[in-house]
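Data first, discussion second: the structure below is written as structure tokens.
FYI, it's all coordinate maths here, none of it is from the lab. These numbers were taken from a predicted model, which means no experiment stands behind them. Here the Cβ positions follow ideal geometry from the backbone for every residue, glycine too, while neighbour counts run over all protein chains shown.
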């Protein structure tokens, strides 16, 4: 019986020793695990925060719907254009000159845009290289436009070489010389780059009121800005 008691006491001592060792190990382990988890969460939050992108948009109304744009409108390189429709009536191409720009830069991309609210037939926008006398040197771009559409064309001004080309000129016309009737057009614009931004006057014609009065912003982790105006928080430009 004494031997059994001694054995039981020995096993109890061994169990107690193991418990103490395990408790000591876990006591040191759990804080490490806890710290690792906490650090990982903090790192994820930090990574998400560092990847946040603030998107900006521009508009002419407090809800962002009027002439919404995710890029600030460029000034117009054409002078004498308007956001009010002009009407052209006639036949034999029925050409309407919409703008001339005299100082293009070699290698620069440009975009011409125009709206055609109403047209009895399809019209086309034509962009030419002109010489100093206003003579056509060559085509740069052309595109057909149906009634109610807005269209734009993008092109790069080439080295004129000995061609005599010095100016960018744009017009509207019927797509053939047999159509007769009426079309209206407005918001003709030439600007640098490949994006057609909302219509603006030229630098010599613009007023402060011509700039978008509302600026919208929102933040997320996407590099692409939304075209949904309701996602933006709109404030009036100061």
Can you pull the Rg over Rh of region 74-197, Cα-only, Kirkwood?
0.96
Quick check on the exposure proxy: order 184, 222, 72, 113 from fewest to most C-beta atoms within 10 angstrom.
222, 72, 184, 113
Region 206-234 versus region 54-94: alpha-carbon centroid distance in Å:
16 Å
Region 74-197, relative contact order in percent, only Cα pairs under 8 angstrom and at least six apart counted:
46 percent
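Does region 52-128 classify as rounded, prolate or oblate by the C-alpha gyration tensor (a ≥ b ≥ c root eigenvalues; a/c under 1.5 gives rounded; else a/b over b/c gives prolate, otherwise oblate)? Please list the in-between numbers first.
Numbers: a/c = 2.64, a/b = 1.48, b/c = 1.79.
Oblate shape, in that a/c is at least 1.5 and b/c is the bigger or equal ratio.
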